[in-house]
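What follows is a short report on a single structure.
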Amino acid sequence: MIAFRRDFDRTNDSDKFISIQDATKEDVPLYEGKYINQFVIKPENIEYAISKNTVEQKIKGDIDTYRIALRAIASSTNKRSLIVTLLPPESSSVHSLFSEKNADKVSLKEKLFMVGVLNSYVIDFVLRQLISVNVSLIFVQQLPIPKMAEVKDAQQIIQISKELFKENMGYYQDFDRLVPGDAYQGYSHDELIAELNARIMLDFNLTRQEVVTLMHTFESTNHIKDVQDETQRILDCYDRLSEES
């Protein structure tokens, strides 16, 4: 299982923070939980930076690589509880994000696979049975995360995750070079999400009825229509993949 850490604390380390307007090329941006979503970063919203030297002292070689980041605040009433992305190199985070530790020892393919699985409805469903508001690392460690070698669709999950990250304009554009493959180029965002979830549901051996039941649990008051539409896209993909297998 991937190890996580909190880089800096919003209160205790505030004396080290620099307003983003005053940051120089020697400083790195500080991501917070509210500045990410699944497969998404929102660098345009960042308020603070921190000295690169300070970050290097804290996280060592991890500053030079992509790192999995997991939002620490969640709620079972939100559309999704588990929000995971990849932080770009030359960045850091505060306590509302758990950021990957020893990320320089994990391949980019493994990271793309892990983010894809963590952002699936299957894993989110399991987490929702454990949490109320905060996402504790104790709960994350209990999640049934398979190893890449154990999953039939691992390479497809990696390629789908890659395309979802490339939707962040100006970021992750080196992924085509680092992780070759074009099977999902040209797919829309909704198509990628449906394919990702359908494949993971099949890999977890969920029946069609179990998929319907699982997705129904995500139909909170504010998200019924969105989830129902997404459920239909996932089922369409599930049916197609089932026929092909």
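The values are calculated or read from the model by the stated rules, or taken from the named source; none is laboratory data. This one's a predicted model, so the numbers in the text were calculated from it and none came from an experiment. Reconstructed Cβ throughout: ideal geometry from the backbone, glycine too, with neighbour counts over all protein chains shown. Quick note on the areas: whole protein, heavy atoms, side chains included, nothing else; ligands and nucleic acids left out. Shrake-Rupley method; radii C 1.70, N 1.55, O 1.52, S 1.80 Å.
The lysine pair count for region 94-245, using Cα distances under 30 Å and pairs eight or more places apart or on different chains, is 24. Residue by residue, region 210-225 carries 3J(HN,Hα) couplings of 5, 4, 4, 5, 4, 5, 4, 5, 8, 7, 6, 3, 7, 10, 4, 4 Hz when phi is fed to the Karplus relation 6.51 cos²θ - 1.76 cosθ + 1.60 (θ = phi - 60°); x denotes Gly or Pro. For Ser93, the residues 5 or more places off, or on other chains, whose built amide H falls under 5 Å of its own are Asp7, Phe8, Tyr31. In sequence order, region 152-166 has phi-based couplings of 4, 9, 4, 5, 5, 4, 4, 5, 5, 4, 4, 5, 5, 5, 5 Hz under the Karplus curve 6.51 cos²θ - 1.76 cosθ + 1.60, θ = phi - 60°, and Gly or Pro positions carry x.
Each label point was placed 7 Å from the Cα along the Cα-to-Cβ direction; for Ile73 and Ser14 their separation is 1.5 nm.
Between Lys147 and Arg208, the FRET efficiency estimated from the beta carbon spacing at R0 = 22 angstrom works out to 0.25. Between Leu127, His216, Ile160, whose Cα lies farthest towards the positive end of the dipole of the chain when Lys and Arg beta carbons carry +1 and Asp and Glu beta carbons carry -1, centred on the Cα centre? Projecting each Cα onto the dipole axis, the largest value belongs to Leu127. Relative to a virtual label point 7 Å from the Cα of Ile46 in the Cα→beta-carbon direction, which members of region 8-25 show backbone nitrogen distances below 15 Å? So the set is 8, 17-25. Listed by chain and number, the lysines whose alpha-carbon sits under 19 Å from that of Lys16, ignoring those within fewer than 8 places in the same chain, are Lys25, Lys52, Lys58, Lys60. A simple spin-label model places pseudo-atoms 7 Å from Cα toward Cβ; at Ile138 and Asp190 they are separated by 4.1 nm. What you get for the chain, charging only the Cβ of Lys and Arg (+1) and of Asp and Glu (-1), is a dipole of about 640 debye around the Cα centre.
Under 5 Å between amide hydrogens, built in the peptide plane, is the criterion, and for Leu206 it picks out nothing among residues at least 5 positions away or on other chains.
So what's the gap between the Cα centers of region 1-42 and region 184-220, to the nearest angstrom? Distance between centres, Cα-based: 31 Å.
Each Cα pair under 8 Å and six or more residues apart adds its sequence gap; the mean of these over the residue count of the chain is a relative contact order of 19 percent. The string of couplings for region 102-110 from the Karplus curve (6.51, -1.76, 1.60, θ = phi - 60°) is 6, 5, 5, 9, 10, 5, 4, 4, 5 Hz, one whole number per residue in order, with x for Gly and Pro. In the chain, the calculated helix contribution to ellipticity at 222 nm averages -11500 deg cm²/dmol per residue, counting -39,500 (n - 2.57) for every DSSP H run with n ≥ 4. With the simple spin-label model, which puts each label point 7 Å out from Cα in the Cβ direction, the Leu130 to Asp64 separation comes to 3.3 nm. Summarising the amide proton neighbourhood of Ile73: residues at separation of 5 or more, or on other chains, whose placed amide H is nearer than 5 Å comprise Val135. For the chain, the share of accessible area belonging to carbon and sulfur comes to 48 percent (1.4 Å probe, ligands and nucleic acids excluded). Given the choices [x] 13.4; [y] 19.2; [z] 17.2, mean projected area of the Cα convex hull in nm² derived from the coordinates of this structure is entry [x].
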